[in-house]
Amino acid sequence: MDNKIKVLNLYACLGGNRLLWTDCDVTAVELDPELARLYSERFPQDTVIIADAHQYLLDHYKEFDFIWSSPPCPSHSRIRYSQSKNSCNEKFKPVYPDMTLYQEIIFLQNYYHGKYCVENVIPYYEPLIAAQKRGRHLYWCNFILPQKLSNRTEKISGKNEFKQLCDFHKIDISQYHGNQRKDKIARNLVDYEAGLTIYNIAMNIMKKQDLIQTTLF
């Protein structure tokens, strides 16, 4: 009998958050076929599904013990907001914030009974739902995170920024042949040590809950 924790990794990209997870059965959902291919090569033991993560969550959330979601962040980011105000480039024209982020937070808060973590950038506006701020990210979880998620320091700058990011995340993106910018992909990866800290906290809570349930009977 397989007693491994069932984890849903949404908007999986290249699995920056997932690198150090152990003792779990992971289903990763990624819309970009090229990213899904590279993720599958990196984590051949995971089930990789090419699909809309937002819809997949709605259809399959009951099947998992722990859910991690990192919805697309550009429309919320301070950098893009600043560029839209200071640039004449059509690429940076103002856009509506993508409410997928808040839809998933509200949905998980009210319908899901497992542990979850929704991760995103710190937005240019006051967050509509209170979150736990850690470093340059916000986390919406149904458990408390420590103030420090990682002992690693990300000091990325200069001409070799892309290589530094790849080294920091222990990833090779050179074989990516999709439509997204490689530097943007590297920049959006979650520090794997932070991913491990959050995963371990969720796992420990679930194990304690299982122990309490067992002792009751």
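Observations
- Built amide H within the under 5 Å cut-off of VAL190, gap 5+: GLY16, ASN17
- Here the Karplus curve 6.51 cos²θ - 1.76 cosθ + 1.60, taken at θ = phi - 60°, turns the phi angles of the stretch 119-134 into couplings of 10, 7, 6, 6, x, 7, 10, 5, x, 6, 10, 4, 9, 9, 8, 9 Hz, with x standing for Gly and Pro.
- Above 10 Å, the calculated P(r) of the stretch 46-86 contains 79 percent of its Cα-Cα pairs.
- Taking only the Cα atoms of the stretch 1-107, the ratio Rg/Rh comes out at 1.06, with Rh defined as the Kirkwood radius.
- The radius of gyration of the Cα set in the stretch 103-217, together with its Dmax, comes out at 17.5, 61 angstrom.
- DSSP H segments from the chain that extend 18 Å or more along their own axis, Cα-based, with Kyte-Doolittle mean of 0.0 or above: 192-216
- Surface accessible to a 1.4 Å probe, per residue, for the residues of the stretch 101-217, Å²: 61
- Database remark: amide H of ARG134 closer than 5 angstrom to the amide H of TYR139 (H placed geometrically; neighbours at sequence offset of 5 or more, or on other chains; Pro and chain starts carry no H).
- Summed over qualifying helices (DSSP H, 4 residues or more, each -39500 (n - 2.57)) and divided by its residue number, the chain shows a 222 nm mean residue ellipticity of -11000 deg cm²/dmol.
- Net charge, TYR124 excluded, C-beta distance under 10 Å - Lys, Arg +1, Asp, Glu -1: +2
- DSSP beta bridge pairing in the chain, given as percent antiparallel to the nearest 5: 35
- Over the stretch 81-184, Cα pairs under 8 Å with separation of 6+ residues give a relative contact order of 16 percent.
- Fully extending the segment from ASP183 to PHE92, taken as 0.36 nm per residue of separation minus the present Cα-Cα distance, adds 31.0 nm.
- Convex hull volume of the Cα atoms of the stretch 47-119, normalised per residue: 108 Å³.
- Take each peptide in 18-30, 145-157, 54-66, count the other Cβ atoms within 10 Å of every residue, and average; sorted highest first, the result is 18-30, 54-66, 145-157.
- Net charge contributed by nearby residues that have their C-beta within less than 12 Å of GLN83 (K/R +1, D/E -1): +4
The values are calculated or read from the model by the stated rules, or taken from the named source; none is laboratory data. Quick caveat, the model's predicted, so the values are computed rather than measured. When we count neighbours, we look across all protein chains shown, and the Cβ atoms used for this are built from the backbone with ideal geometry, even at glycine. For accessibility, only protein heavy atoms count, side chains too; no ligands or nucleic acids. Shrake-Rupley method; radii C 1.70, N 1.55, O 1.52, S 1.80 Å.
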